[in-house]
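Before any comments, here is the structure.
What follows draws every value from the coordinates through simple rules; no lab data is involved. This one's a predicted model, so the numbers in the text were calculated from it and none came from an experiment. Every residue, glycine as well, gets a Cβ built from its backbone with ideal geometry; the counts of neighbours run over all protein chains shown.
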Amino acid sequence: MKPAFLKLFILSPVNNRQEVIYMKRKNITAFSFAIFLLLAPTTVLAVEYTIPEVTIDAQLTEDGTVEVVEQHTYEFEDDFEGLLREIGTKPDTSVEQFEAFENNRELEVEQEDDLFRIYRAGDDETVTVEMHYQITGAVEKFEDGAEFYWGFFDERNESDYGNMTIIVHPPAPAEDVEFLGYEEAQDTASLMVDGAVEFNMGEVPEGRNGDIRVIYDAELFPAVEEQAGTVRDELADDRQQQEEDAAAFAANQQTARGIGNVVLPVGAALLALLLGWAWFRSRRDKQQAAVDDSRFFVPKQKMSIPATIYYVKSVFLSPNATAAALMELVRKGHVKQVTEDIFELIDRNTEYTHEAALIELLFDHVGDGTSFDVGELENYTKDEDHAETYNELISQWTKGIADEVKGKHLYRKHSKIRWSSAVIALVFGAAAGYFGWYELYPLLAVSIFIAVAFLAFAVFYHPRTVEGLIIKKEWQQLTSAMEDLPSEQWHQLTHDEKLRAYAYALGVENKNLDKKGAAFSLAETASDSVATGSFVMNPIFLTTIFVAASSNSTAHASGGSSMPAGGGGVGGSGGGSGAF
């Protein structure tokens, strides 16, 4: 299945016969393929199709003209308007009288330089189109023979061919025929009874070259002007070069196989040792971080509530966490709740930078500098400029929380082990490219697996310290306990413990918070508010407002960019196929 990107197949020349060195081993490794995916055009409307069968018959004539008949079978999976065929030409050659037919019915053709658009609209069907054209001046005549040296496709082609067959026919039955295929066409040719040469290439991936070269007796082309020099020796040299390259490749492949059979088991053993060490270390730390789960308690304050949520639940803080952070400001006395939806700023001198960032957002930008109305937050973020400010300050707030967590040193660094893993990943990544070049695909797959495993370890391995594990277990235990917490246990908590527990449960989006546990939580908070002079916070109201504000700011910030499809190159034989 190949999307068509409004292709412009402007192709490389093959007339310089010294540049036809065997390059069949252009395998794309997993890493280069990933880069291609990142850089490929993504915004151009695509047609989904495959080309399972292509047959090209090239009939050479006495005057050097080549009469070509191509049959292309397309299998479309959605709507389409037609087919594309790009036919690049060599200097002093031209493509003329291009026509297209389906079941002997002529189709409309539009030419744009070397690109031919064949109009044949349809929807989700299989189409076989026959193309007829002439290539003038394609046969070159020398002292020892006349050759047809051509590329019907090349590296600019962006469509896979399921089965490519090219047959070259002489003007008359011929003997003493020389022929050679390059890259995808190498080792695919066979001589037929009448002197025709068939190149049965089979599957041809996109972006590959496949030039063909056939030499006949010069007497078969009386109308072609003879050039000085010979051509058969040159073809023989190319054939010998291919054979030498193939022999060298086979020898190097065997060497690579031997290296892989030694290196890969060593890499696998190192990986097993590394993972085993990490597992035993993790098991030991978890045993040391055992927490008493026989009683309910609110963990001691070791970090702010937003930082605890960040560390225990997720580094991606939701609007619920922002609402919990506001509750934390109230608990710490920086903010006073005046009514259910109005808050008053009491003290700007905060302990953490993220608390200052939240105060700046809510009171200086949404509010009037001293008070903040929760209901105004949604209206504030409906304005595009305000939404940008909101996103910037929320980013500062999140960064401040991350800095607080980082400052607590709750992760083990293991710098030496991680750097060593990165180096090993680099080594096996290079080994993957080495094995891929020599087509040792099982070794390639194992190398990629080992490289990715070591790289993942180097990037992601930063286990929690024993203290960090204790913090995580205690707060996770609190979350679970609050789902079905008896009211008498809640009564035993201090007012500060209730606020911290409730703010944390709100921030981690405990789904049971608004059910049984929330009922007595709010009731007790209301009871406490009589003594403290504060109002009861409505968690559903708070989270709804912050979710709406986040949605508004995200909608304004969303957008995209496009990368136009491009093409380039110089003239030369070759071509490609596509659809539109």
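With neighbour counts taken as other beta-carbon atoms within 10 Å, the residues Phe541, Phe296 rank, fewest first, as Phe541, Phe296. Treating r as the C-beta distance of Lys302 and Phe460 and R0 as 30 Å, the FRET efficiency rounds to 0.80. The gain in end-to-end length when the Leu426 to His495 segment is fully stretched comes to 19.4 nm, 0.36 nm per residue minus the alpha carbon separation.
Sorting Tyr461, Tyr161, Tyr438 by the number of Cβ atoms found within 10 Å of their own Cβ, with the fewest placed first, yields Tyr461, Tyr438, Tyr161. Note on the range 77-105 and the range 436-515: Cα centroid distance 59 Å, given to the nearest whole angstrom. Gap in Å between the Cα centre of the range 139-195 and the Cα centre of the range 399-415? Here the answer is 65 Å between Cα centres.
Each label was represented as a point 7 Å from its Cα along the Cα-to-Cβ direction; for Asp385 and Glu226 these points are 8.5 nm apart. Taking K and R as +1 and D and E as -1, what net charge do the other residues with C-beta under 14 Å from the C-beta of Lys408 add up to? For residues surrounding Lys408, the net value is +3.
Under a 5 Å amide H cut-off, with hydrogens placed 1.01 Å from N, Phe116 pairs with Arg85, Glu86, Ile87 among residues at least 5 apart or on other chains.
Once you put a point 7 Å from the Cα of Thr544 and another 7 Å from the Cα of Ser314, both along the Cβ direction, what distance in nm separates them? Each label point lies 7 Å from its Cα, and together they span 2.2 nm.
Take every Cα pair under 8 Å whose residues are at least 6 apart in sequence, average their separation, divide by the length of the range 59-230, and the relative contact order is 27 percent. Ranked by how many other Cβ atoms sit within 10 Å of their own Cβ, fewest first, the residues Glu178, Glu226 fall in the order Glu226, Glu178. The calculated FRET efficiency for His409 paired with Ala269, based on their beta-carbon distance and R0 = 35 Å, is about 0.60. Placing R0 at 22 angstrom, the Cβ-Cβ distance between Gln476 and Ser294 gives a FRET efficiency of 0.90 after rounding to 0.05.
Label-to-label distance, Asp364 versus Asn349, with points set 7 angstrom from Cα along the beta-carbon direction: 1.8 nm. Within the shell defined by Cβ-Cβ distances under 13 Å, the residues around Arg105 carry a net charge of -4, with Lys and Arg each +1 and Asp and Glu each -1.
Using 18 Å as the cut-off for backbone N distance, which residues of the range 275-290 belong to the label zone defined by a point 7 Å from the Cα of Ile417 along Cα→Cβ? Answer for this model: 275-289.
Each of the peptides 77-84, 353-360 was scored by the mean count of other Cβ atoms within 10 Å over its residues; in descending order, highest first, they stand as 353-360, 77-84. Taken one residue at a time, the phi angles of the range 166-173 give Karplus couplings (6.51, -1.76, 1.60, θ = phi - 60°) of 10, 10, 10, 10, x, x, 8, x Hz. Gly and Pro are set to x.
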